[in-house]
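These notes concern the structure reproduced below.
The values are calculated or read from the model by the stated rules, or taken from the named source; none is laboratory data. These numbers come from a predicted model, not from an experiment. Here the Cβ positions follow ideal geometry from the backbone for every residue, glycine too, while neighbour counts run over all protein chains shown. SASA here: full protein model, heavy atoms, side chains in, ligands and nucleic acids out. Shrake-Rupley method; radii C 1.70, N 1.55, O 1.52, S 1.80 Å.
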Amino acid sequence: MNKMPTLFKVNIEDKDEVKASKFISNLQKKGFIGTNKIYLKNYINADIGIALSHIKNNYKKYVCEGGWTEKKFEEIIYIIVKYRQMLIPVVFLRYGSKYDNGELVKEIELEKKKYSKINKDSNKNNEEQELLDYIAKHGGR
């Protein structure tokens, strides 16, 4: 079977929902959910799903439509969660303004250390396990 050659290449950009889902997935990989489990479980006396839904909706509003960088959005989420604030537009705008004025730099760095430590520990555990597996597989005595 011969396929028809394509006339031109079309790159379809991800829909906002897909981008927001990928963002949530990346937060999860960084240990955000495990680190903030109590906050997320107690958010509006509901479950983690509602908090993540609010993050997703605000991601679409501020990153996809509002022109915020993903980095800015993520760092503001860290601060919102630190102070146990609601994930609502007025809070995002308040911290967004402080972020733009450079008022949150030190706090953000401290918060980010929580997540980088988790990732380092996770990578260390993976490396240790790989080494142990290698030794066991090759008759390490």
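Out of the residues in region 66-92 meeting the condition of being surrounded by 14 or more Cβ atoms within 10 Å (Cβ to Cβ) and of a type in the set (Phe, Trp, Tyr), tell me which one is farthest from residue 34 (Cα to Cα). Out of the qualifying residues, it is 68.
Looking across region 44-63, the residues that are more than 15 Å from the chain's Cα centre (by Cα) and not β-branched (Val, Ile, Thr) come down to 45, 46, 47, 61. Against the numbered list (1) touching an Asp or Glu at 6+ places or on another chain (Cβ under 9 Å); (2) over 14 Å from residue 23 (Cβ atoms), residue 67 comes up short only at (1).
Of 19, 41, 3, 29, all but one fail to be open to solvent by 50 Å² or more (accessible area, probe 1.4 Å) and at pLDDT below 85; the exception is 3. Annotation note: Cβ proximity below 7 Å between a residue of region 15-27 that is without any contact (Cβ under 8 Å) to a residue 60 or more places away in the chain and a residue that is open to solvent by 60 Å² or more (accessible area, probe 1.4 Å) (sequence gap 6+ or interchain) occurs for 23/70.
The set of residues from region 45-65 being surrounded by 15 or more Cβ atoms within 10 Å (Cβ to Cβ) and of a type in the set (A, V, I, L, M) comprises 48, 51, 52, 55, 63.
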